[in-house]
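Asks: Before I ask anything, here is the structure I am working with.
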Amino acid sequence: MENNRGQSIFLSVVGIATLLVAIVGATFAYFSISVTGNTTASSINVTTALLGGVTYSGNTAGINVTDVYPGWTETKTFTISTDATGVDATANINYIVNLHTNTTAANSNDDTKNLAAAAASKHDFTYTVGTPTTTAGTATPAVNSTNADMPTTDGIVELGTGTLVGPNCIHTWSFTVLLKESSTDQNELQGKSYHGVIQVVVATTDGLRTWDNANSRWTKYPLGSGS
């Protein structure tokens, strides 16, 4: 009987010790992947990496097309980066670049005001995603993203994908919009407009996040159709 009691006590001690080791190990594992710094940035935890931000030319993510003429074109550039320090040299962060069209924001929720819809039959309103420049990792435009028709309805169109690798990794993208000059009657395009937003989406341990350019922080996806 005494022998059995001693064995039970021994096993209990071993069990408690094992539990303590597991708790301590889990605690250190959690802290090792927590992002420090900006506590207002929606508490983003990214395993072994610290995300930087997204910088847009003109300081806006919006693509607003109003009062334009045939032959008009504009290019928006934007960079996606990791922090210069505190990033594991082998860390990979995958992201997606989307174009979020919001016809209502441009008061173009019908074909009488929607530039993309009015130009669709002749393919006069198009976009092209340029080949990104990268300091590390990879960045690839989506298939059929050269002279592609601008979206005519609300929704998401994928423009490309990329992988940031290591610290101070910078990817620079370009997005060019063109209203073609067709040398024919294009009066049906008068008074039309388009509104969209370029969104960069990453997957974190807290779910999908997108760059909120208005507040300079990563926030829950979808963000919406703001600038």
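Every number here is computed from the coordinates shown, using simple stated rules; none is lab data. All of these numbers come straight from a predicted model, not from anything done at the bench. No Cβ is skipped: glycine too gets one built from the backbone with ideal geometry, and neighbour counts run over all protein chains shown.
Asks: Length gain on complete extension for the stretch Asp154 to Glu188, per 0.36 nm per residue less the alpha carbon to alpha carbon distance?
Replies: Numbers: separation 34, 0.36 × 34 = 12.24 nm, distance 2.10 nm.
Residue separation times 0.36 nm, minus the Cα-Cα distance, leaves 10.1 nm.
Asks: To continue, here is another question. Label the stretch 50-220 by shape, choosing from rounded, prolate and oblate, from the square roots a ≥ b ≥ c of the eigenvalues of the Cα gyration tensor; if a/c is under 1.5 it is rounded, and otherwise prolate applies when a/b is larger than b/c, oblate when it is not.
Replies: Since a/c reaches 1.5 and a/b is larger than b/c, the shape of the stretch 50-220 is classed as prolate.
Asks: Residues with amide H under 5 Å of Ala136's amide H, sequence separation 5 or more or different chain, H placed in the peptide plane at 1.01 Å from N; which?
Replies: Amide H to amide H, under 5 Å and 5 or more residues apart or across chains, Ala136 pairs with Ile170.
Asks: Based only on other Cβ atoms within 10 Å, what is the fewest-to-most ordering of Tyr69, Tyr127?
Replies: Listing Tyr69, Tyr127 from fewest to most nearby Cβ atoms yields Tyr69, Tyr127.
Asks: List the lysines whose Cα lies under 25 Å from the Cα of Lys192, skipping any in the same chain that are fewer than 8 positions away.
Replies: Result set, ordered by chain and number: Lys76, Lys113, Lys122, Lys180.
Asks: Here is a follow-up. Counting other C-beta atoms within 10 Å, which of Asp67, Asp212 has the fewest, and how do the rest follow? Kindly include the intermediate steps, with their values, before the conclusion.
Replies: Details: Asp67 9, Asp212 22.
In increasing order of surrounding Cβ atoms, one gets Asp67, Asp212.
Asks: To the nearest 0.05, what FRET efficiency results for Thr75 and Thr219 with a Förster distance of 30 Å applied to their C-beta separation?
Replies: Using R0 = 30 Å, I get an efficiency of 0.70.
Asks: Can you sort Lys192, Lys122 by how many other beta carbons sit within 10 Å, fewest first? Before the final figure, lay out each step's value.
Replies: On the way: Lys192 23, Lys122 14.
Fewest-to-most Cβ neighbours within 10 Å comes out as Lys122, Lys192.
Asks: How much net charge surrounds Val177 when only the other residues with a Cβ under 13 Å from the Cβ of Val177 are counted, with Lys and Arg +1 and Asp and Glu -1?
Replies: Charge balance near Val177 sits at -1.
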